[in-house]
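One structure is given below, encoded as structure tokens.
The values are calculated or read from the model by the stated rules, or taken from the named source; none is laboratory data. For clarity, every value in this text was computed on a predicted model and none was experimentally measured. Every residue, glycine among them, receives a Cβ derived from its backbone with ideal geometry; neighbour counts consider all protein chains shown. Just so you know, the surface numbers come from the protein's heavy atoms only, side chains and all, with ligands and any DNA or RNA stripped out. Shrake-Rupley method; radii C 1.70, N 1.55, O 1.52, S 1.80 Å.
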Amino acid sequence: MSAAPLTYTLLDADAFEGLAAAHPDVVIPLEQSPQWIGFERALGRAPLGIWAYTDAAGAIVATASFVHVVRRFRESVVVVNGPVWFTERTPAAERLLMETVREQFREHPAVTPLYARMQVATLQAPATGPIEHGWYEREIVVDLTPSEADLLKGFRPNARNSIRRAQRNGVEVRNIPREEWTGVFAAELFPIMQETAARDGFQAFDSSYYETLLTELGDHLRLLVAYRDGVALSWLITTEYRGYSVYYFAGSTLEARSTFAPYLLLWEAFRVLKAAGNTACGLTGIASENYPGLANVTTFKRNFSKNVVVVPTTYDIPLDAVRYTAVASLLAARRAAPAVARAAVRRAAGLPWRIGGKRDAVGASAGHS
């Protein structure tokens, strides 16, 4: 006998806050909050609201905030860094939620998506794909509850030495006042982001994206910058929500690396976040099977904690399986064609073929799909 279907209800901001307050131990990502919906709207995107899923007894099972995304050949509804689970996340519970979401958007009066996209801990039908990956699958999480001395002691020797070397090199960290955020970012920090993206091979957003983030989510952000002789070398943006913080975006110059500025910058961020009452800080994506290109940042992040957290992989839930398969095959062929052509040119020219190239941004620290 199959389980009874879940009931889904659209939550307004007050209902969501009441639900969250009743479950203080549940970690709710900022991307799954009403505040993030305001940010999505400011970007010109189409959020579909936060939905609560309850079982036959009326108990809350999960919530999910959906964004409507229209791209060439396909329309989708995407749950960014979610859903949020309020009960045990068993394979059976996940399957029931996926089946409910599939029926929900098959019947939705305003959108006709080809698939829904969400994080799934146990790969099973109806999940498949995804057509493209859009969120990291492993991250380092730093426990901020120890004293500052014990927190520092828990870093690898390389991190502690690098922090001291940055201080000796004259690096100073400034917690930028909120009223200066957008001006400082546009004038001093976005050029650093462009340099970082070009050097590390990922696609950065336009400056307006980061400026909108700073404007719309200011109550939940901090902007810290490492300077030397008045010149910005490295910067980071952190988020905070319900006592959990995230090292969200960052950029650095080549000089920052030679002066060890990123180490001192992140240490000062930990101190600020801890003082504000946060109990942990997620350092976002590290290398995994689908994201081997994150190896360089993995080396840096592992200096601060051994605590590796597995994040459920993002999969697609097709609403029309036949059409989804056709579109996925078409897109795979289109992506493969340029690579095949480049390989043919290299063979004709007698050049070695190298797999890989420019990487797209991955989740937080680089962007969302």
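Against the main long axis of the alpha-carbon atoms of the chain, helix 157-168 sits at an angle near 50°.
When a/c reaches 1.5 or more, the comparison of a/b and b/c decides; with that in mind, is the range 1-106 rounded, prolate or oblate per its Cα gyration tensor? Display every interim value, and only then the final one.
Values: a/c = 2.06, a/b = 1.21, b/c = 1.70.
Because a/c hits 1.5 or more and a/b fails to exceed b/c, the range 1-106 counts as oblate.
All other residues whose Cβ lies under 9 angstrom from that of A127 are scored, Lys and Arg at +1 and Asp and Glu at -1, for a net of -1.
For the range 71-172, the solvent-accessible area of protein heavy atoms averages 46 Å² per residue (probe radius 1.4 Å; ligands and nucleic acids excluded). For the chain, a Kirkwood radius taken over Cα pairs fed into Stokes-Einstein (25 °C, viscosity 0.890 mPa s) yields D = 111 µm²/s.
Taking every protein chain into account, the accessible area of the range 175-261 amounts to 39 square angstrom per residue (probe 1.4 Å). Packing around the peptides 152-159, 83-90, taken as the average count of other Cβ atoms within 10 Å per residue, puts them in this order, highest first: 83-90, 152-159.
For A46 and L10, the difference between the fully extended length at 0.36 nm per residue and the C-alpha to C-alpha distance is 11.4 nm.
Solvent-accessible area of H68, all protein chains in place: 40 Å² (probe radius 1.4 Å, heavy atoms, ligands and nucleic acids excluded).
Between the amide H of E75 and those of L114, Y115, distances stay under 5 Å, these residues lying 5 or more places away or on another chain, with hydrogens modeled in the peptide plane.
Provide the percentage of antiparallel DSSP beta bridges, counting only those with both residues in the chain; round to the nearest 5.
Values: 55 of 61 bridges.
Given both bridge residues lie in the chain, the antiparallel proportion sits at roughly 90 percent.
Rounded, prolate or oblate for the range 149-221? Axes are the square roots of the Cα gyration tensor eigenvalues, ordered a ≥ b ≥ c, and the cut-off for rounded is a/c under 1.5.
On the way: a/c = 2.12, a/b = 1.59, b/c = 1.33.
Prolate.
Cβ under 10 Å from P5's Cβ, P5 left aside: what net charge do those residues give with Lys, Arg +1 and Asp, Glu -1?
On the way: positive: none; negative: D55, E99, E103.
Every neighbour counted, the sum reads -3.
What angle do you read, to the nearest 10 degrees and between 0 and 90, between the alpha-carbon axis of helix 321-349 and the longest principal axis of the chain? Computed tilt is about 40 degrees. For A186, neighbours were defined as the other residues whose beta-carbon sits under 12 Å from its Cβ, and their charges (Lys and Arg +1, Asp and Glu -1) total -4.
Computed 3J(HN,Hα) for the range 196-206, one whole-Hz value per residue from the Karplus formula 6.51 cos²θ - 1.76 cosθ + 1.60 where θ = phi - 60°, is 4, 4, 5, 6, 9, x, 10, 9, 7, 6, 5, glycine and proline marked x. Could you look at the range 1-91 and say what percent of its accessible area is carbon and sulfur, using a 1.4 Å probe and all protein chains? Roughly 55 percent of what the probe reaches on the range 1-91 is carbon or sulfur.
Subtracting the Cα-Cα distance from 0.36 nm times the residue separation, let me have the gained length for R174 to D55 in nm, one decimal. Could the numbers behind the result be given before it?
Details: separation 119, 0.36 × 119 = 42.84 nm, distance 4.86 nm.
Additional length available on full extension: 38.0 nm.
Here each label is just a point 7 Å from Cα along the line to Cβ, and for V308 and S329 those points are 3.7 nm apart.
Decide, for the range 260-311, between rounded, prolate and oblate: order the square roots of the alpha carbon gyration tensor eigenvalues as a ≥ b ≥ c, take rounded if a/c falls under 1.5, and otherwise choose prolate if a/b is larger than b/c, else oblate. Note, shape of the range 260-311 comes out oblate.
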